[in-house]
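Participant: Got a structure for you, questions after.
The values are calculated or read from the model by the stated rules, or taken from the named source; none is laboratory data. Here the structure is a predicted model, which means the values were calculated and not measured. Glycine also receives a Cβ, built like all others from the backbone with ideal geometry; neighbour counts cover every protein chain displayed.
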Amino acid sequence: MTASQQAAQTPSLWRQTAAMLNLGAPPPEALKRIGATSSGPEARLARTLAEAMERGSTLTEAVQKEGAPDIVLASIRVSENSGDLVHGLDNLATLLDGTLERTATWRTTMAYPQMLAVGLTVLVLVISRSLWLVHNMLATFTARDTTFGFQQPGWLSVTVASHVEQVLGSIWTWIVLGILLLLAHLLLTGRAGFDSVRTRVPVVGNWLVRVEMIGWLQWMDWFIENGRPLAESARIAAASCTSPAVRTLLERVADRLDSGTHLGAAFAAEPSLPPLIAWLLERAETAEFHNHLLASIADLIERDTESTRITFICTMERLSVLALGCGAALMATDMYAHFCVLFSRM
């Protein structure tokens, strides 16, 4: 994506433009002032748009020449055609804000288990090294028995700890662990072709689809409100998805709408999409999408995904505490067993 395309998705550019238009400034002057007071790609784009509009281009034509994303271009075209450019640009900024916020929240949440995994890996490394040091230190004092798996009188034995240390001490164990962490990172972030795979992961995939659908429904509601056909609105709104796999799913829904299928049926035809939302969309279409019903459904999904996100984070925290407790118990058991043997031979 070029710098101009990224700048076109900056909410502040369109929000400032809407504010200056609302104060009576003509679009070229508003953009020129923004370009003079801003910096970076956003300022360059504002100046370029202002120059194009001074030469007689409309805002839609100027944005199109700069290669703006389809979702931004369609929104500006709808805003100009509606005759209320101020409201349209302000709404565009709001929708872009929501998209950026959801993307940031998703990435932060997916980074959390990765950070825990790395932290637990370091913890396991520390424990394994501690077991090895304790073993060598005590073996020095008990020179007649330098093996790690000697018997402790009574119920306690260090055989388990011995096997754990031997496994963790192997370089192949850490190579395999590193590969697993890399695969988990690629799966959670959807990189290197793993995007279609993560949409099929039971918890993560369902959550990702719901997060992407929030923006899809909000953009659809905006386009339908401004008189765009349902199929066209669904197709353009699908461009707001950051996941290529989910975008493909929603584009297939738009294809079915083009062929005359109702929204609920077109949505339900995709097995990976939530059936409850298909029923809600069917009811919204029956009501002819009055009173921003699609946006209301998006709000419902957003509250549900936020609850799922909190539950997910809490579960990760509990699992990390459990792993920490197990590691500490293993280390304490091993040290206690060694000291018992040491004192029994004195």
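Participant: Of the conditions (1) among the aromatic types (Phe, Trp, Tyr); (2) modelled with pLDDT under 70; (3) within 20 Å of Leu300 (Cβ to Cβ), Trp155 fails just one. Which one is it?
Facilitator: (3)
Participant: How many of the residues making up region 122-136 are in contact with a Leu (Cβ under 9 Å, 6 or more places away or on another chain), modelled with pLDDT of 70 or more and either exposed (fewer than 15 other Cβ atoms within 10 Å of the Cβ) or not assigned by TED's automatic domain parsing to the domain that holds Glu302 (or both)?
Facilitator: 0
Participant: Residues that are farther than 22 Å from Met220 by Cβ and not in a helix (DSSP H, G or I): does region 41-55 have at least one?
Facilitator: Checking region 41-55: at least one residue is farther than 22 Å from Met220 by Cβ and not in a helix (DSSP H, G or I).
Participant: Taking Thr109, is it of a type in the set (Val, Ile, Thr), out of contact with any helix residue (DSSP H, G or I) (no Cβ under 6 Å at 6 or more places or on another chain) and either surrounded by 21 or more Cβ atoms within 10 Å (Cβ to Cβ) or within 20 Å of Ser243 (Cβ to Cβ) (or both)?
Facilitator: no
Participant: Right, something else. Hey, among Leu263, Leu294, Leu257, Leu230, which residue is under 25 Å from the mean Cα position of the chain (by Cα) and of a type outside the set (Val, Ile, Thr)?
Facilitator: Every option except Leu294 fails the conditions.
Participant: What number of residues within region 26-40 are surrounded by 16 or more Cβ atoms within 10 Å (Cβ to Cβ) and not in a helix (DSSP H, G or I)?
Facilitator: 1
Participant: Might you let me know whether region 236-245 holds any residue that is more than 22 Å from Asp195 (Cβ to Cβ), touching a residue at least 60 places away in the same chain (Cβ under 8 Å) and assigned to a helix (DSSP H, G or I)?
Facilitator: no
Participant: Right, here's the next one. Does Asp255 satisfy the condition of being over 22 Å from Gly98 (Cα atoms), at pLDDT 90 or above and part of a helix (DSSP H, G or I)?
Facilitator: The answer is yes for Asp255.
Participant: Could you please give the count of residues in region 267-302 that are on the phi < 0 side of the Ramachandran plot, exposed (fewer than 14 other Cβ atoms within 10 Å of the Cβ) and in a loop (DSSP other than H, G, I, E, B)?
Facilitator: 4
Participant: Moving on to the next point. Could you give every pair whose Cβ atoms fall below 9 Å, whose first residue belongs to region 166-183 and is within 17 Å of Pro113 (Cβ to Cβ) and in the same structural domain as Val118 (by TED's automatic domain parsing), and whose second residue is part of a helix (DSSP H, G or I) and at pLDDT 65 or above, counting only separations of at least 6 or pairs across chains?
Facilitator: Going by the 9 Å Cβ cut-off, the qualifying pairs are Leu177/Thr121; Leu177/Val124; Gly178/Thr121; Leu180/Ala117; Leu181/Gln114; Leu181/Ala117; Leu181/Val118; Leu181/Thr121.
Participant: With Arg15, Arg77, Arg44 as the choices, which residue is closer than 24 Å to Glu251 by Cβ, not assigned by TED's automatic domain parsing to the domain that holds Leu217 and not hydroxyl-bearing (Ser, Thr, Tyr)?
Facilitator: Arg77
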